[in-house]
Amino acid sequence: MAGRSKEKDTSINCNLQIAKLMCRYFAFCILHFAFCIFLLSCGTPYGIYHSVEKGQTLYGIARAYNVPTQEIVRINRFKEHVTLKEGDAVFIPGASREKMIDVTIEYKESVSPSASTVSKPQTASIPPRSEETSKTGKGRFLWPVNGKVISGFGMRNGEKHAGIDIKAEAGKPVMAADSGKVIYSGNGLNGYGNLIIIKHEGTFFTVYAHNKKNLASEGSLVEKGEEIAQVGDTGRATTPHLHFEIRKNKVTVDPTLYLP
């Protein structure tokens, strides 16, 4: 009888322990639910924090996560022309995981150009390859494709357009604006579609986006005027055209200042 009584007491204690654990679990669930309701009532959005690395900018981060720059500025209560520092934490609404951002193809924040510096529509033409041009200024680079400039360098829809868009038929040859080494050939950057980046002598880089097909491979050496891609409408593009950028010290500059 004593043994049965002991077993009964042990069973009762186990049941009590289980009941306590279940009570704690349900209490935790209720508190967690209440906390979530509290966060929603405060307007706290779903997202993650991005840790800023050297060379990254607000515009580049916003483009990588496909979130409007002004939305990130608003939710983080940044000043209008904030300059991010390495190690800063930026809340990205709607993001589920932190992304790696390649600073070699990221925008560099700069002062917005005045109206006089925004390119006007013009016709691009490729001069003979044998033509000697300036090494630093006007004529430093060739036009990469024949066509009409349909969007110039500067502010567009409230955001910086870091290059020029040249309209051309799909499949038309895209030429290297200068000799150099292809440091990127792929479609891993959101919005750019098939993209090629070439590093040139000195501190210059050129960017060729929305290509139908990349012909130059990463790591290859190309000559000035050599065909490197075909015009297309991949990525964030509604019509066949070439998005072309020139970067000096990784800072985007108006390409028309360096073209013939």
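Taken together, the values in this text are just the output of simple stated rules run on the coordinates, not laboratory data. None of these values were measured; they are calculated from a predicted model. Backbone-built Cβ (ideal geometry, glycine too); neighbour counts: all protein chains shown.
So for 175, 155, fewest C-beta neighbours within 10 Å to most, what's the order?
If I rank by nearby Cβ atoms, fewest first, I get 155, 175.
Quick one: if you stick a label point 7 Å off each Cα along the C-beta vector at residue 83 and residue 249, how many nm between them?
1.2
Please compute the length gained on full extension between residue 217 and residue 24, using 0.36 nm multiplied by the number of residues separating them and subtracting their Cα-Cα distance.
63.5 nm
Quick one: which of 86-96, 49-59 comes out on top by average Cβ neighbours within 10 Å, and what's the full order, highest first?
Peptide ranking by packing, descending: 49-59, 86-96.
Among residues other than residue 94 whose Cβ falls under 15 Å from its Cβ, what is the net charge (Lys/Arg +1, Asp/Glu -1)?
+2
Please arrange 221, 257 by how many other C-beta atoms lie within 10 Å of their C-beta, fewest to most.
So the residues, fewest neighbours to most, are 221, 257.
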